[in-house]
Amino acid sequence: MSATRIVNLLRDGQPESLATVQGWVRTKREAKGLTFLEINDGSCLQGLQVVVSQDIPDYERIIKQISTGAAVGVEGVLVTSPGKGQRIEMQAQSVQIFGAADPETYPLQKKRHSFEFLRTIAHLRPRTNTFGAVFRVRNACSYAIHKFFQERDFLWVHTPVITASDCEGAGEMFAVTTIDLAKLVGASKPIDYEQDFFGKPAFLTVSGQLEAEIMAMAFSNVYTFGPTFRAENSNTSRHLAEFWMIEPEMAFCDLEGDADLAEDFLKYIFSYVLETCPEDMAFFQERISDRVMVNAQKIVDEKFERISYTEAIKLLEKSDKDFEFPVKWGLDMQSEHERYLAEELFQKPVVVMDYPTEIKAFYMRLDESGKTVRAMDVLAPGIGEIIGGSQREERLDVLENRIKSAGLNPEDYWWYLDLRRYGTVPHAGFGLGFERLVQFITGMGNIRDVIPFPRSPLNADF
């Protein structure tokens, strides 16, 4: 008999029916002539209670080998459970041990562990309730993202992981090379990149946006969903060196259309997660943050507020908040400013538009005054900025000047400029950091706890 996922048994299993389950033992409790096991296979938060009686073959030997963390398979009969909070349980007829777990060394014996400790055993932490819930929600978000774009006839494109272009212009990129770096230590001559694999400096990408623009100029509406990298030496709860980005790009689109799509996109994902992961979301509400459901419902129900950057600065200056960072037109807003606007002032998501030119990237469309660009940030209660986007600069002469002003070499962007030479159109797009989205939905406090294997300074294990 093939095994049935526990989520399906708990939902559809009928008393007196035969079933097989396979999973890992969460708890073991022995009574006279009986042993109670809770088995979880990762398909849902709740485990299945299995009652093993001394009547099964080889009972003493099997029960002695089973402890928390052991992998087992059980065949048995489903029965109505007399226990509180569970509809059915299983009476075992046979038990197979796939892999034992030494109770003296298995680190997940206690009910609760700190997230800091669990990061040191990232290979085992998915077996805990919290991380099981996190990664099921992450999976639901991934599916909803593809579903949203595919239903709107967007083409999913795979942009390169290795690039020679710095999309953000910040220079915080990981180099990709075949040169023996050990031989360069203390070398007085500059690196001869003609001897390198690509014949020029190459890096891990910080964004797929520029390449997505290429595809949008042929397919109109496209999106990327893949890994990106940033060599920012920051050990905070908000930063990762490797993370995933969703980046749609739309031809024949302006900033207002970009903001419309961003709002619809977030509403769609949150609605899908609330519908498909109610047990996990209830867990986060109870155990992680009592604001999880309120914040999620605000995304779904509230129409996003839209204000200009200039208006946002005026509102911040008029507030009676004692901000740590100064508020002044021309300065980038910090997380505390963004959260004040979304959480306290408007108490719902806010789209801030038209930022000062000096604090935004070269590819954003310059307005007629030259003081601002057609950029937007979506601010959400509980986390601050969650989406950043812009209308792209489609005018060749303006873009060339912007590239030079940013200290970049236009020759390195010849192909990007070609898009403006041949059939240029107004176009726009945005970027959403996937881990920040999952962090917001789940209420988890540290971004390293919403990705299976976090990469950060001095941490590349697992």
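Values computed for the structure shown
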{"quantity": "Residue list for the stretch 259-277, restricted to those being in a helix (DSSP H, G or I) and more than 13 Å from VAL378 (Cα to Cα)", "calculated": "TYR268, ILE269, PHE270, SER271, TYR272, VAL273, LEU274, GLU275, THR276"}
{"quantity": "Enumerated strands (runs of 3 or more DSSP E) restricted to the stretch 343-462, each holding at least 1 residues that are under 22 Å from the mean Cα position of the chain (by Cα) and either of a type in the set (Val, Ile, Thr) or more than 26 Å from GLN297 (Cα to Cα) (or both)", "calculated": "350-356, 372-380, 384-391"}
{"quantity": "Residue count for the stretch 358-394, restricted to those that are touching a residue at least 24 places away in the same chain (Cβ under 8 Å) and surrounded by fewer than 15 Cβ atoms within 10 Å (Cβ to Cβ)", "calculated": "2"}
{"quantity": "Subset of the stretch 94-118 (residues that are assigned to a loop (DSSP other than H, G, I, E, B), under 26 Å from the mean Cα position of the chain (by Cα) and of a type in the set (A, V, I, L, M, F, W, C))", "calculated": "LEU108"}
{"quantity": "Check on GLU394, modelled with pLDDT of 95 or more, touching a Ser or Thr at 6+ places or on another chain (Cβ under 9 Å) and in the same structural domain as SER165 (by TED's automatic domain parsing)", "calculated": "yes"}
{"quantity": "Every pair of residues 6+ apart whose Cβ atoms lie under 9 Å, when the first sits in the stretch 322-351 and is assigned by TED's automatic domain parsing to the domain that holds ARG238 and small (Gly, Ala, Ser) while the second is surrounded by 15 or more Cβ atoms within 10 Å (Cβ to Cβ) and part of a loop (DSSP other than H, G, I, E, B)", "calculated": "SER335/ARG238; SER335/ILE383; ALA342/LYS348; ALA342/PRO349; ALA342/PRO381; ALA342/GLY382; ALA342/ILE383"}
{"quantity": "Subset tally (residues that are surrounded by 14 or more Cβ atoms within 10 Å (Cβ to Cβ), assigned to a loop (DSSP other than H, G, I, E, B) and modelled with pLDDT of 95 or more) for the stretch 140-162", "calculated": "3"}
{"quantity": "Any hit, the stretch 167-181, residues being free of Cβ contacts under 8 Å to residues at least 40 places away in the same chain, surrounded by 14 or more Cβ atoms within 10 Å (Cβ to Cβ) and not in a loop (DSSP other than H, G, I, E, B)", "calculated": "yes"}
{"quantity": "Single match in PHE225, PHE252, PHE219, PHE243 (criterion: surrounded by fewer than 21 Cβ atoms within 10 Å (Cβ to Cβ), outside the structural domain of SER43 (by TED's automatic domain parsing) and at positive phi)", "calculated": "PHE252"}
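The values are calculated or read from the model by the stated rules, or taken from the named source; none is laboratory data. None of these values were measured; they are calculated from a predicted model. Neighbour counts run over all protein chains shown; Cβ positions are idealised from the backbone, glycine included.
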